[in-house]
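The values are calculated or read from the model by the stated rules, or taken from the named source; none is laboratory data. None of the values given here were measured: they were computed from a predicted structure. Here the Cβ is made from the backbone with ideal geometry for all residues, glycine too, and neighbour counts use every protein chain on show. Note: accessible area is taken over every heavy atom of the protein model, side chains too, but ligands, DNA and RNA are not part of it. Shrake-Rupley method; radii C 1.70, N 1.55, O 1.52, S 1.80 Å.
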Amino acid sequence: MGESMALAALAELKHQRMRDCADLQKRSEWRPPYALTTALELESIEMPRLPAGCARLKHRIMVAVPHANRKYRVDGVAAVVWRFPLDTVLVDRRFPCVSPACTWAMFAAYLDLEELIVLADSMMRRDRRLRRVTMEELIAYLDGARSYAQSMAEEGGSGRLFRGYANCRRALRLARSGTDSSMETRTRLVMPRYGLDTPQVNYPVSVKGRPIYLDLAYPEFKICIEYEGAHHAGQWLNDVTRRQLIEDAGWRYVQVTKLDIGNEDDEERLAERVARHIREVTGKAVRLTRRKTIMQVCDARSMRRKPLYERLGFRPLMSDSPDSPADSAYGGGADELEAIA
């Protein structure tokens, strides 16, 4: 299983794609905005896991056009039609790209719900050098697409929303800004699959006067979950020191690697490890549910449950500072989802 891409790797990929696009612009005067995978590469956004049937997205330069009659045949280029607002940005002053919010919406036709959440997180990194969009901008784009569809219906058009619109609304219920990697996102999504609360993202703590951001945390139980990727020896030593500081501050530490993610049995064992720590802290039995789909996790009713510590009758050890977005603002509302499902 692949690891998350670091800033340097994303920058290298961007420059490779810029060379490809510069070559294309020498061969053709056609200037549609770059889209989908090409837009992600040019904007240094980590690529989600694409389904097996999307080979053309990986191996061709992708562009977007508003109508099918605006397509042209250019060697090595594939055009997709996007009849909704085609917001664009300019990369390096010479490469027009579909904006991150619009790109995310376009990917809804190709990605499953989990990878749509992963991609949203990747666009909203904690590292400002990699942050490309805000939650408010993603919401605004979806609102604009809905308004556009409504206006088309009033003028006698179909008024249909784009494929995957409902999943976009669902994804925003679980997407979080301020993350550090796609593997952290995938780790976070394991917990609610088995009935545990969704952990906090990059929870700040002060340890011996030193600020530390925990990858994932249940501050109410003082349990942190840290994803550890493949590192060189120096980074490994830093991680050992970091873990010692966190544990010295009274936190229970759950280490996660790529071997814990991606397989249902392994993910259930990870959830059981977390549940065991919660039982040890609270003295209360914590029963996991059967594995849920991400669609079930995103259900508005399940997201309105009381926090686990309340259900256990446990007094929180630390402030929770919940980061879960309100359903009406981020999820688009259950009524709307039911109407368009």
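Tabulated values for the structure
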read-out: Close pairs from region 252-271: first outside any helix (DSSP H, G or I), partner of a type in the set (Lys, Arg), Cβ under 8 Å, at least 6 apart; value: Arg252/Lys222; Tyr253/Arg243; Val254/Arg273; Gln255/Arg243; Ile261/Arg186; Gly262/Arg186
read-out: Only listed residue being open to solvent by 20 Å² or more (accessible area, probe 1.4 Å), outside the structural domain of Val240 (by the TED database) and more than 22 Å from Asp266 (Cβ to Cβ), chosen from Arg169, Arg163, Arg210; value: Arg163
read-out: Filter result for the condition that a residue is modelled with pLDDT of 90 or more, open to solvent by 80 Å² or more (accessible area, probe 1.4 Å) and of a type in the set (A, V, I, L, M, F, W, C), over Leu116, Leu90, Leu86; value: Leu90
read-out: Restricting region 119-139 to residues that are over 21 Å from Thr187 (Cα atoms) and either of a type in the set (Phe, Trp, Tyr) or touching a Leu at 6+ places or on another chain (Cβ under 8 Å) (or both), the residue that is surrounded by the most Cβ atoms within 10 Å (Cβ to Cβ); value: Leu138
read-out: Where a residue in region 130-150 is closer than 17 Å to Pro85 by Cα and its partner, wherever it lies, is assigned to a helix (DSSP H, G or I) and of a type in the set (Asp, Glu), with Cβ under 9 Å and at least six apart; value: Arg146/Glu336
read-out: In region 33-64, the residues that are more than 19 Å from the chain's Cα centre (by Cα) and in contact (Cβ under 8 Å) with a residue 60 or more places away in the chain; value: Pro33, Tyr34
read-out: Residue check for Arg304: basic (Lys, Arg) and either over 28 Å from Asp112 (Cα atoms) or touching a Gly at 6+ places or on another chain (Cβ under 9 Å) (or both); value: no
